[in-house]
1. So which of Arg96, Arg50 is over 23 Å from Glu134 (Cβ atoms) and either β-branched (Val, Ile, Thr) or not assigned by TED's automatic domain parsing to the domain that holds Gly172 (or both)?
2. Pairs needed: first member in segment 129-140, not assigned by TED's automatic domain parsing to the domain that holds Val168; second member anywhere, of a type outside the set (Ser, Thr, Tyr) and at pLDDT 95 or above; C-beta distance under 8 Å; at least 6 residues apart or different chains.
3. Go through segment 99-123 residue by residue and tally those that are outside any helix (DSSP H, G or I) and of a type in the set (Lys, Arg).
4. Take segment 173-205 and flag every residue that is assigned to a helix (DSSP H, G or I) and not aromatic (Phe, Trp, Tyr).
5. Across segment 43-68, what is the number of residues that are in contact with a Leu (Cβ under 7 Å, 6 or more places away or on another chain) and either surrounded by fewer than 17 Cβ atoms within 10 Å (Cβ to Cβ) or not basic (Lys, Arg) (or both)?
6. Can you pull out the residues in segment 136-166 that are surrounded by 22 or more Cβ atoms within 10 Å (Cβ to Cβ) and part of a helix (DSSP H, G or I)?
7. Out of the residues in segment 192-211 that are farther than 17 Å from Gly139 by Cβ and free of Cβ contacts under 8 Å to residues at least 12 places away in the same chain, state the one that is surrounded by the fewest Cβ atoms within 10 Å (Cβ to Cβ).
8. For segment 56-83, what are the residues that are under 20 Å from Glu25 (Cα atoms) and outside any helix (DSSP H, G or I)?
Amino acid sequence: MHVLAYFVDAGEGPMQDELARLREERATRNERLVRRLEDLGLPVSFEQVRAVAGSSVVGRPHFAAVLVANGAAASIQDAFDRLLAKGAPGYVPKARIDFASFIATARGSGAVVALAHPFSLGLDRAGLEGVVAELAEAGLAGLECYYSRYSPEERAELAELAKRYDLVATGGSDYHGKFKPDIAVGVGTGDLEVPDSALGELLARKEDLAA
């Protein structure tokens, strides 16, 4: 389950503290992931992964890119499917936070929270609505309805779900550079349009928190 937090207050706060903890956990997980892939006899080193990432923020897409470059996978998607996805031989779980707890933590730092790409949860329609209802009760502000890889029908369905639970229908291209080469910033696969009104509605939710 992925989330989006908008308008985080500058400076210190509970969300910033939680993100620091998760970054530390990510670093530990990356070390374990290198060892797991090495144990599988795959050509990868943390130095290579860090070079691909180009920063201290390292994740599975960077491991996938190294595996492709070293001939251990045919593509980024192949690296995930065979080696890095949940249940695959190279998968190493990462630290997580309960969604309701994260909403409370984000709100404590002045942020409003949206659920990202809801269909990726793999739930049937009834199950998804149940989760959305629960999260709306916990303080969820938005639902990512306008998503690059969703059909117009799916986007409309999610927008209706957001309306039922008084959530802002948000959207985004989910651009990841070369790791998602079919997606461009702002327009997704070419037809993505996020209503300008979404920004104002999210800002109104933030103002409600401060009231």
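1. Arg50
2. Matching pairs, first to second residue: none at all.
3. 0
4. Those that are assigned to a helix (DSSP H, G or I) and not aromatic (Phe, Trp, Tyr): Gly177, Lys178, Ser197, Ala198, Leu199, Gly200, Glu201, Leu202, Leu203, Ala204, Arg205.
5. Result for segment 43-68: 4.
6. Leu158, Ala162
7. Asp196
8. Of everything in segment 56-83, those that are under 20 Å from Glu25 (Cα atoms) and outside any helix (DSSP H, G or I) turn out to be Ser56, Val57, Val58, Gly59.
The values are calculated or read from the model by the stated rules, or taken from the named source; none is laboratory data. Computed from a predicted model, the values in this text were never measured in an experiment. Ideal geometry is used to build each Cβ from the backbone, glycine not excepted, and the neighbour counts take in all protein chains shown.
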